[in-house]
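A.B. asks: Quick one: this structure, given as structure tokens, is what I'll be asking you about.
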Amino acid sequence: MADEKIGIAGTGFYVPEKVLTNADLEKMVDTTDEWILTRTGIKERRIIAPGETVSSMAEIAARQALDSAGVAPEDLDLIIMGTITPDEPLPSAACLLQARLGNTTAASFDISAACCGFIYALEIGQKLMQGGRYRHALIVAAETLSTVTDWEDRDTCVLFGDGAGVAVLSKGCDQGEMLDFYLGADGAYSSLLEIEAGGSACPISHEVLDQRKQYIKMEGNKVFKLAVASMVSSAQHVLEQTGLTSQDVTWLLPHQANLRIMKAVAKRLKIPVEQVYINVDRYGNMSGATVPIGLAEMDHNGILKRGDLILMVAFGGGLTWAASLVRW
Ligand code: UT7
């Protein structure tokens, strides 16, 4: 049936056990708990153990989401993974996740949209389901940013963490209806936030590794200003598209890069800070995984009520931006 509703039938998340605190970082680079907390709002972040990968974290989160949705892994016909830190360049992390789940048929692929990975994947999943034969989709965003962090660079190493978040989309589900999306990008700003090495422009070599080009570099200050403006305008676009206003929003669920960014976005949208879901203090910036982990926490902790309007908004490398409105 072409007009069957598509909704978020279940959510799940996983963060590694190992906690890296600001006090730990004080011993690694020239920084202080006070600087990190006041500039970013981060107190601690999670870091993978040896052997953990994007697909291993995603498997745990996916099984939780499938259980809560009442969907069996073999019933999945679509798996979309937003990640910039796949287990390997080839095959996709989505295919590795599919194999871990024991599914042998679902169309499976990765997308690269950095911190916007989940919202991008969510719209792709919804549109494929609307137009195609798919009935159950796994929408995943998972990152091991610790593997691309320069642990000698205080500008960036205090910011990032690892984790995975998942949503199961099902046809015929009236919970978590995705009302609309607004996605965009401007590649002219690509150099503000990048990992230079490891692709066709700069293959890995001893020289490249010596220059530490395999790690994330960011011009934080410039990104900060663009982040606030882009998240606000993406949110406004998606509200306008649906004929809703920020007063209708029950929860603002922003990408968790920096508490100051989230507060500035909420203020400009006139959404009280009590209605902003925040977990950056516990997990840091996990790129695309922050939004689905926040959604899963809200879902599993009973914070979300049927009918709540959730405004998800993100911004990141690309530069990319994305917003979505979901009626729970
Ligand atoms: O997720 C994708 C999108 N990413 C973002 O949205 C991140 C956006 N950017 C940010 O969140 C912030 O720009 C940062 C948290 C990265 C930095 O905060 P800031 O207020 O923009 O600081 P800054 O880069 O302007 O640096 C201020 C000072 C500098 O010292 P001087 O030049 O003023 O003497 C830095 O060297 O703070 C210094 N600094 C540090 N000091 C202690 C930079 N990193 C650290 C550190 N500890 N870890």
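Where a number appears in this text, it was derived from the coordinates with a stated rule and is not lab data. If you're wondering where the values come from, they're calculated on a predicted model, not measured in any experiment. As a convention, Cβ positions derive from the backbone with ideal geometry for all residues, glycine included, and neighbour counts pool all protein chains shown.
A.B. asks: For the stretch 251-304, which residues satisfy the criterion of being on the phi > 0 side of the Ramachandran plot and surrounded by fewer than 24 Cβ atoms within 10 Å (Cβ to Cβ)? I'd like the intermediate steps shown before the answer.
C.D. replies: The first filter runs over the stretch 251-304 and keeps only residues on the phi > 0 side of the Ramachandran plot, leaving 270, 284, 287, 302.
Selection gives Lys270, Gly302.
A.B. asks: If you don't mind, another one. Which of (1) buried (at least 24 other Cβ atoms within 10 Å of the Cβ); (2) without any contact (Cβ under 8 Å) to a residue 60 or more places away in the chain; (3) of a type in the set (A, V, I, L, M, F, W, C) is the odd one out, the single condition Leu169 does not satisfy?
C.D. replies: Only one criterion in (1) buried (at least 24 other Cβ atoms within 10 Å of the Cβ); (2) without any contact (Cβ under 8 Å) to a residue 60 or more places away in the chain; (3) of a type in the set (A, V, I, L, M, F, W, C) is unmet by Leu169, namely (2).
A.B. asks: Search the stretch 189-209 for residues being surrounded by fewer than 15 Cβ atoms within 10 Å (Cβ to Cβ) and within 16 Å of the ligand (Cβ to nearest atom), and hand back the single one that is farthest from Ala322 (Cα to Cα).
C.D. replies: Here the answer is Ser191.
A.B. asks: OK, next. Among (1) closer than 24 Å to Ile6 by Cα; (2) within 16 Å of the ligand (Cβ to nearest atom), where does Ile79 come up short?
C.D. replies: With respect to (1) closer than 24 Å to Ile6 by Cα; (2) within 16 Å of the ligand (Cβ to nearest atom), Ile79 is out only on (2).
A.B. asks: Which residues, taken from the stretch 97-124, are in a helix (DSSP H, G or I) and within 13 Å of the chain's Cα centre (by Cα)? Quick ask: steps written out before the conclusion?
C.D. replies: Step one: filter the stretch 97-124 for residues in a helix (DSSP H, G or I), giving 97-101, 114-124.
Of everything in the stretch 97-124, those that are in a helix (DSSP H, G or I) and within 13 Å of the chain's Cα centre (by Cα) turn out to be Ala114, Cys115, Cys116, Gly117, Phe118, Ile119, Tyr120, Ala121, Leu122.
A.B. asks: Among the residues of the stretch 127-153, which ones are part of a strand (DSSP E or B), under 29 Å from Val29 (Cα atoms) and not aliphatic (A, V, I, L, M)?
C.D. replies: Residues satisfying the conditions are Glu143, Thr144.
A.B. asks: On to the next question. Filter the stretch 156-182 for residues that are outside any loop (DSSP other than H, G, I, E, B), among the small types (Gly, Ala, Ser) and over 28 Å from Arg260 (Cα atoms) and give the result. Even if it seems obvious, please write down each step before you answer.
C.D. replies: Taking the stretch 156-182 first, the residues outside any loop (DSSP other than H, G, I, E, B) are 156-157, 160, 162-171, 177-182.
Those left that are additionally among the small types (Gly, Ala, Ser): 163-165, 167, 170.
Within the stretch 156-182, just Ser170 meets the criteria.
A.B. asks: So, one more: Spot the failing condition for Ser112; the list is (1) closer than 22 Å to Gln64 by Cα; (2) hydroxyl-bearing (Ser, Thr, Tyr); (3) within 16 Å of the ligand (Cβ to nearest atom), and only one is missed.
C.D. replies: (1)
A.B. asks: Search the stretch 236-262 for residues that are farther than 19 Å from Leu304 by Cβ and pair each with any residue that is among the aromatic types (Phe, Trp, Tyr) and more than 16 Å from the ligand (Cβ to nearest atom) when their beta-carbon atoms are under 6 Å apart and the residues are at least 6 apart or on different chains.
C.D. replies: Partner pairs satisfying both residue conditions: His237/Tyr182.
A.B. asks: Hey, any hits in the stretch 72-90 for a residue that's crowded, with 22+ Cβ neighbours inside 10 Å, assigned to a helix (DSSP H, G or I) and charged (D, E, K, R)?
C.D. replies: There is no residue in the stretch 72-90 that is crowded, with 22+ Cβ neighbours inside 10 Å, assigned to a helix (DSSP H, G or I) and charged (D, E, K, R).
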